[in-house]
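Enquirer: Pasting a structure below so you can have a look.
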Amino acid sequence: MFADIAEFRAWYAQQSHNQKSRTERIALDALDRWTADPDTGNIVHRTGQFFSIQGLDVIRSGRAVEAWQQPIIVQPEQGILGILVKQFDGVPHCLLQLKMEPGNVNGLQLSPTVQATRSNFTGVHGGRAVPYLQYFTTPRVGRTLSDVLQSEQASWFLAKRNRNMIVQIDENVPLLPGFCWLDFEQIAMLLREPNLVNMDTRTVLAGAAGLRAPQSPPAGDSFGVALARSWTAGYALHTTVELLSWFTEAKGRCELTRRLIPLAGVHGWSHRDGALVHDGDQHFSVIGVMVEAPDREVTHWHQPMFEPRSQGVIAFLVRRLRGVPHLLLHARTETGALDGVEMAPTVQCQPDNYRSLSAEHAPAFLHHVLTAAPDRIRFDSVQSEEGGRFYHARNRYLLVEVEDDFPLDVPPDYAWVTPRQLTEFVRYGNHLNVEARSLLTFLGFYKEDNE
């Protein structure tokens, strides 16, 4: 445990100084133990485990571009993302680890207690055992606070899900090197810093959103005070049943059709400079990396990764109704989502991908986010995405509070929802997408600038 954030930062700096990991970009055809299938061009591991990169054909997308083809990560196995919680002097603390991932922009980031694919925790890689795994497999000790199969980035994964778990224990737990106990207030402060709390931690912590809510409603009219009141009670424009009906209708309207195709036949993509890149230099590239990581279960490996060509924008528009913040939720058609549609933030895109399209084809409400006055932005931070499959993937996460005269009448794929209602949806898989879960965590651990 750390007495304050300054003590954590000193520990983090020392850990970063001591870590000897290295990631180097290499050509796809130089990857060891990975190969391009001679018939399909699909990139596969020699064992047939871990994941593969294949082609995906998409039609009737419901987007500005109705049809396209792209590479997609196919990883049918489910991993475990688990956070261990224990009270010290009556204060809950989370056991997190500083973990190196090859795609991290800054080497070490705060990861869940356990962050492992099935191939990893079953020992396919032949490396060391995953620490603390026994707390997240049956029979387990402790009390399960959250346990949900949640989706991953559906623009880049096909129907990928991981088990998100929070388990509370009372017994003493040995603290291994590279791990630390942080309480909720410390986590709230660290979530404000860019590229520190990794995506996997954020998605798990979405299951704990609202736990910092005060026992009695606070006084005042600031956004933070209104948000704190909204976790426990208050007005909602729509009932939860109405919102679930809206979501079901959106899934019923979805006409998305997708099928796997050989990677070698994907239209609009070409091999160039050792990578597979989009012909318009947009979206992302498939690259190869060589990794040296002395502190990982396996200390040296090669792998393919997705590298975004530009930074994304992920944002909720927020409007107060009868003093209660409401978020503008989008029932978004997702290329790789299991059900085709998931609840998403108001805006979720890479703006650069629309530079060649006319203004009317830009994502709805993107203009409201990009032109928001500074005094209307309640949260604004650039955060990393999952560094195990994505190389230097970063998004700008925002909460933008609109004026009271902002229209309540919105397109049919959008709906106003309270933060408390979002916490109900996160209990179930295939409802909130991973980007919305990250924003929910920022809401649940929100701190005013003067706190």
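The values are calculated or read from the model by the stated rules, or taken from the named source; none is laboratory data. This structure is a prediction, so every number in the text was calculated from the model and none was measured. Every residue, glycine among them, receives a Cβ derived from its backbone with ideal geometry; neighbour counts consider all protein chains shown. Note: areas computed on protein heavy atoms with side chains; ligands, DNA, RNA excluded. Shrake-Rupley method; radii C 1.70, N 1.55, O 1.52, S 1.80 Å.
Enquirer: Of everything in the range 1-39, what is in a loop (DSSP other than H, G, I, E, B) and under 30 Å from A264 (Cβ atoms)? Give them in sequence order.
Expert: Across the range 1-39, the qualifying residues are A27, L31, D32, R33, D37, P38, D39.
Enquirer: Next question, about the same structure. If I filter the range 201-214 for residues that are hydroxyl-bearing (S, T, Y) and open to solvent by less than 10 Å² (accessible area, probe 1.4 Å), do I get at least one hit?
Expert: yes
Enquirer: Here's something else I'd like to know. Considering only strands (runs of 3 or more DSSP E) fully contained in the range 55-111, which possess at least 2 residues that are open to solvent by 20 Å² or more (accessible area, probe 1.4 Å)?
Expert: 68-74, 79-88, 91-100
Enquirer: A further question on this structure: If you take the residues in the range 427-448 that are in contact with a Leu (Cβ under 8 Å, 6 or more places away or on another chain) and open to solvent by 10 Å² or more (accessible area, probe 1.4 Å), which one is nearest to Q348 (Cα to Cα)?
Expert: N430
Enquirer: If we scan the range 19-31, do we find a residue that is open to solvent by 50 Å² or more (accessible area, probe 1.4 Å), touching a helix residue (DSSP H, G or I) at 6+ places or on another chain (Cβ under 8 Å) and touching a residue at least 12 places away in the same chain (Cβ under 8 Å)?
Expert: No, every residue in the range 19-31 fails to be open to solvent by 50 Å² or more (accessible area, probe 1.4 Å), touching a helix residue (DSSP H, G or I) at 6+ places or on another chain (Cβ under 8 Å) and touching a residue at least 12 places away in the same chain (Cβ under 8 Å).
Enquirer: Determine whether R378 is under 22 Å from R161 (Cα atoms) and in contact with a strand residue (DSSP E or B) (Cβ under 9 Å, 6 or more places away or on another chain).
Expert: For R378, the condition - under 22 Å from R161 (Cα atoms) and in contact with a strand residue (DSSP E or B) (Cβ under 9 Å, 6 or more places away or on another chain) - is not met.
Enquirer: Right, something else. Scan the range 382-391 and tell me whether some residue there is crowded, with 22+ Cβ neighbours inside 10 Å, modelled with pLDDT of 95 or more and aliphatic (A, V, I, L, M).
Expert: no
One line per residue, one yes/no per condition, for (1) within 19 Å of the chain's Cα centre (by Cα); (2) over 19 Å from V324 (Cβ atoms); (3) at pLDDT below 95:
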site	(1), (2), (3)
V400	no, no, no
P407	no, no, no
V417	no, no, no
V426	yes, no, no
N430	yes, yes, yes
L439	yes, no, no
G444	yes, no, yes
E448	no, no, yes
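Enquirer: So, one more: Mind counting the residues in the range 40-54 that are more than 17 Å from A154 (Cα to Cα) and either in contact with a Pro (Cβ under 9 Å, 6 or more places away or on another chain) or assigned to a strand (DSSP E or B) (or both)?
Expert: 6
Enquirer: Quickly run through the range 276-295 and pick out the residues that are farther than 15 Å from R389 by Cβ and among the hydrophobic types (A, V, I, L, M, F, W, C).
Expert: Within the range 276-295, V277, M290, A293 meet the criteria.
Enquirer: May I ask you to list the residues in the range 133-147 that are assigned to a strand (DSSP E or B) and either in contact with a His (Cβ under 9 Å, 6 or more places away or on another chain) or surrounded by fewer than 17 Cβ atoms within 10 Å (Cβ to Cβ) (or both)?
Expert: R143, T144, L145, D147
Enquirer: So which strands (runs of 3 or more DSSP E) are wholly in the range 342-406 and hold at least 2 residues that are under 30 Å from A293 (Cα atoms)?
Expert: Counting at least 2 such residues, we get 377-384, 394-401.
Enquirer: Also: Pick from the range 161-196 the residues that are in a helix (DSSP H, G or I) and open to solvent by 20 Å² or more (accessible area, probe 1.4 Å): which of them is nearest to A116 (Cα to Cα)?
Expert: Among residues in the range 161-196 that are in a helix (DSSP H, G or I) and open to solvent by 20 Å² or more (accessible area, probe 1.4 Å), the one nearest to A116 (Cα to Cα) is F184.
Enquirer: Condition check: more than 23 Å from the chain's Cα centre (by Cα), free of Cβ contacts under 8 Å to residues at least 24 places away in the same chain and in a helix (DSSP H, G or I). Does V277 satisfy that?
Expert: The answer is no for V277.
Enquirer: Within the range 408-428, count every residue that is under 23 Å from D380 (Cα atoms) and assigned to a loop (DSSP other than H, G, I, E, B).
Expert: 2
Enquirer: Go through the range 325-347 and report how many residues are open to solvent by 10 Å² or more (accessible area, probe 1.4 Å) and aliphatic (A, V, I, L, M).
Expert: Residues flagged as open to solvent by 10 Å² or more (accessible area, probe 1.4 Å) and aliphatic (A, V, I, L, M) within the range 325-347 amount to 1.
Enquirer: Output yes when any residue across the range 348-355 is closer than 30 Å to L243 by Cβ, of a type in the set (F, W, Y) and surrounded by 16 or more Cβ atoms within 10 Å (Cβ to Cβ), and no when none is.
Expert: Yes.
Enquirer: For T239, are the conditions met, namely being β-branched (V, I, T), free of Cβ contacts under 8 Å to residues at least 24 places away in the same chain and under 27 Å from R322 (Cα atoms)?
Expert: Taking the combined requirement at face value, the residue satisfies it.
Enquirer: For the list (1) open to solvent by less than 30 Å² (accessible area, probe 1.4 Å); (2) at pLDDT below 95; (3) not acidic (D, E), I need the number of the one condition that V313 fails.
Expert: With (1) open to solvent by less than 30 Å² (accessible area, probe 1.4 Å); (2) at pLDDT below 95; (3) not acidic (D, E) applied to V313, the lone miss is (2).
Enquirer: Follow-up. Any residue in the range 409-419 that is within 30 Å of L98 (Cα to Cα), of a type outside the set (G, A, S) and surrounded by 19 or more Cβ atoms within 10 Å (Cβ to Cβ)?
Expert: Among the residues of the range 409-419, at least one is within 30 Å of L98 (Cα to Cα), of a type outside the set (G, A, S) and surrounded by 19 or more Cβ atoms within 10 Å (Cβ to Cβ), which makes the answer yes.
Enquirer: List the residue pairs whose Cβ atoms are under 6 Å apart, where the first residue sits in the range 282-309 and is farther than 30 Å from P351 by Cβ and without any contact (Cβ under 8 Å) to a residue 24 or more places away in the chain, the second is open to solvent by 20 Å² or more (accessible area, probe 1.4 Å) and not in a loop (DSSP other than H, G, I, E, B), and the two are 6 or more positions apart or on different chains.
Expert: H300/E292
Enquirer: If the requirement is being farther than 30 Å from K251 by Cβ and surrounded by fewer than 17 Cβ atoms within 10 Å (Cβ to Cβ), which of these qualifies: T35, T40?
Expert: The match here is T35.
Enquirer: Follow-up question, since we're still on this one. Is it true that some residue in the range 207-226 is out of contact with any Asp or Glu (no Cβ under 8 Å at 6 or more places or on another chain), outside any loop (DSSP other than H, G, I, E, B) and within 23 Å of G142 (Cβ to Cβ)?
Expert: yes
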